[in-house]
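The numbers here are math on the coordinates, done by the rules we state, and not lab data. Please read these numbers as outputs of a predicted model, since none were measured by experiment. Cβ placement follows ideal geometry from the backbone for every residue including glycine, while neighbour counts extend to all protein chains displayed.
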Amino acid sequence: MKLYQQSTIREIKEKYGFKFSKNLGQNFLTDKNIIDKIIEGTQITHKDTVIEIGPGIGVITAEAAEKAKKVIAVEIDKTLIPILDYTLKDFGNVKIINEDVLKLDINKIIEGEHQGDVKIIGNLPYYITTPIIMKLLEEDVKAESITIMMQKEVADRIKASPGNKAYGALSVAVQYHCLVEKIADVPKSVFVPQPNVDSVVLKLKIREEKAVEVQNKKLFFECVRAGFGQRRKTLLNSLQTVQGISKDIVSSSLKAAGIEPGRRAETLSLEEFGKISNEVGKRL
Ligand code: SAM
């Protein structure tokens, strides 16, 4: 069954009376080439467990199941479950979980089920791309990598370097936890229904050691959020919202970290954010 063919999708829609849900970000992939790039980029081996977020009608799931030991796919839409039972009926190594991925304890699933390395994949629903990524990272998901398709603008923010307009709290959060690699550019024309934006597939390889060593991870991210929360302000002003610290504390922390107080968050590397948060931590 060629699930990526528009004619197959039409047949399935008719057979099951399925209707695309815009609210659930349902834009289904119809390009085998892109599916192959996601699978190859993920480097799935027969020892791996793959966790897929949002299988839809199973177009990526089926290809992953050919390569992996096991695939666990999490789909929120209950009207897709009988469809997935049908499209994936020939695979004995696929398990479908009908849940909201944002409410799921993924590490618990991994502990209970995994064999070999765990690789997360998905063509993510646009409306919750950032919350899904942040959830996986903040919960320190026990996976080797996360290969996901997202709106191009979000990928640009994730990849951005200091000094770039797209550089912000999301860039720092993802780069702190992961090495970021672009796998593919994906035009909007390869989806049904067609979205308004182009997409990018990124592979986020989870670092064994974080990009910077910080004494207090929570404080590090508080400094990042404070800096970018008021990105037009200088650090001397924006960092005062970190636990309501005084201008004097900000000033002496920046001095000890060797950072000019007139700089703005968008110019800071992860190392520099690390140095600042370590100095602030000494003065709290
Ligand atoms: N993987 C399929 C493909 O590439 O054709 C479908 C991708 S579609 C962009 C996103 C999928 O995520 C849909 O099947 C949608 O129902 C599902 N989804 C949306 N919100 C979800 C959530 N909170 N938890 C799990 N799945 C969700």
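Annotations for the structure displayed:
- If a spin label sat at a point 7 angstrom from the Cα of LYS78 along the line to its beta carbon, the backbone N atoms of the stretch 15-40 nearer than 17 Å would be those of 17-19, 21, 24.
- Peptides 54-63, 116-125 ranked from most to least packed by the mean count of surrounding Cβ atoms within 10 Å: 54-63, 116-125.
- Ellipsoid equivalent to the chain - semi-axes via the Cα gyration tensor, in Å: 41, 19, 15
- On Cα atoms only, tilt of 32-42 relative to the major axis of the chain in degrees: 50
- For LYS19 and GLU138, the FRET efficiency from 1/(1 + (r/R0)^6), where r spans their Cβ atoms and R0 equals 35 Å, is about 0.55.
- Length gained on full extension, GLN5 to ARG264: 88.4 nm, using 0.36 nm per residue less the C-alpha separation.
- Model label sites at HIS46 and TYR127, defined 7 Å from Cα along the beta-carbon direction, differ in position by 4.2 nm.
- Extension gain, GLU181 back to SER252 (0.36 nm per residue minus Cα-Cα distance, nm): 21.8 nm
- Between 0 and 90°, nearest 10: helix 270-283 axis offset from the chain longest Cα axis: 50
- Cα centroid of the stretch 260-284 to Cα centroid of the stretch 30-89, whole Å: 42
- With both residues required to sit in the chain, DSSP beta bridges show an antiparallel share near 50%.
- Only Lys, Arg (+1) and Asp, Glu (-1) charged, at Cβ; the stretch 22-139 dipole about Cα centre in debye: 100
- Magnitude of the charge dipole, the stretch 208-284, Cβ model with Lys/Arg +1 and Asp/Glu -1, debye to 20: 380
- Nitroxide proxy distance, nm - points 7 Å out along Cα→Cβ at LYS217 and ASP31: 3.6
- Here the extension length gained between SER161 and TYR86 equals 22.5 nm, from 0.36 nm per residue of separation less the Cα-Cα distance.
- Each peptide in 136-148, 83-95 receives the mean, over its residues, of other Cβ atoms within 10 Å, and ordering these scores from highest gives 136-148, 83-95.
- Rounded if a/c under 1.5, otherwise prolate or oblate - the stretch 75-230, Cα gyration tensor axes: oblate
- For the stretch 8-75, a/c is not less than 1.5, where a ≥ b ≥ c are the root eigenvalues of the C-alpha gyration tensor, and a/b tops b/c. That puts it in the prolate class.
- Overall form of the stretch 168-231: oblate. Here a/c, set by the Cα gyration tensor axes a ≥ b ≥ c, is 1.5 or more, and a/b is not larger than b/c.
- Cα long-axis angle, helix 247-257 against the chain (0 to 90 degrees, to the nearest 10): 80
- Cleavage-rule hits (trypsin sites (Lys or Arg not before Pro)) in the stretch 198-228: DSSP loop, at most 14 neighbouring Cβ within 10 angstrom: ARG207
- The stretch 167-172 - phi-based ³J(HN,Hα) in whole Hz, Karplus 6.51/-1.76/1.60, Gly and Pro as x: 6, x, 4, 5, 4, 5
- Computed with the Debye formula from one identical point scatterer per Cα of the stretch 34-125, without solvent, the log10 of I(q)/I(0) at q = 0.17, 0.25 Å⁻¹ comes to -0.64, -1.42.
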